[in-house]
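Only the coordinates and a few stated rules stand behind these numbers; no lab work does. This structure is a prediction, so every number in the text was calculated from the model and none was measured. When we count neighbours, we look across all protein chains shown, and the Cβ atoms used for this are built from the backbone with ideal geometry, even at glycine.
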């Protein structure tokens, strides 16, 4: 499963539309979540609207939170996206195999079995999360909260039994719209040292930054979606009472 987690205060003002870029990510099998972080004031109606639209186009969720809530929110959004993706895939499988619309439509004993399988998948499914950090001038007071959120997310990912990798980007850079700070890694313990080197700038090229992260997924993960439009990574499960053993997640 592949996610982009954008941390921003909204207000993109350079380059392509971030909403269009998020839709492109979702089309390629990457879910886009957005945490809109505020600090001593309002994020603004335009910023809040943009944040919601980016997440909607990217098939993910959005939250507007204070700096103090950011760490907990980042972990919650990552987990809920995994659970939601698995539920969607399982519901599709149930429609094809049993002709029922969702897990809730199953008889109680069977429902309990499927829910248990889904919970196990939530902990064992391979997961890649690309953190995309808005480093524009308006985000400067919030960087300590962002750093803490990344460290806490790293611990959360390491606690999972499945393969969990994170990469970190920030935008804008000195010469580039978006900079890769850390490639895929199972531990982001050293990410904190990067924050002291960030030079906050006034522009907010959110759209081009999202496009750069999509390109990184292509470069490092290969083809994310198959020709029939389903995600390319499959998770094998043992057969359970007639349910197919290949769950597309």
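Here are some notes:
- Two numbers describe the Cα atoms of the stretch 1-85: Rg and Dmax, which are 12.3, 37 Å.
- The value given for the stretch 1-144 is a Kirkwood hydrodynamic radius of 16.6 Å, derived from the mean inverse Cα-Cα separation.
- Approximating the spin labels as points 7 Å out from Cα along Cα→Cβ, the residue 163-to-residue 118 distance works out to 2.6 nm.
- The stretch 80-143 shape via C-alpha gyration tensor axes, a/c threshold 1.5: prolate
- Relative packing of 135-144, 205-214, which averages over residues the other C-beta atoms within 10 Å, highest first: 205-214, 135-144
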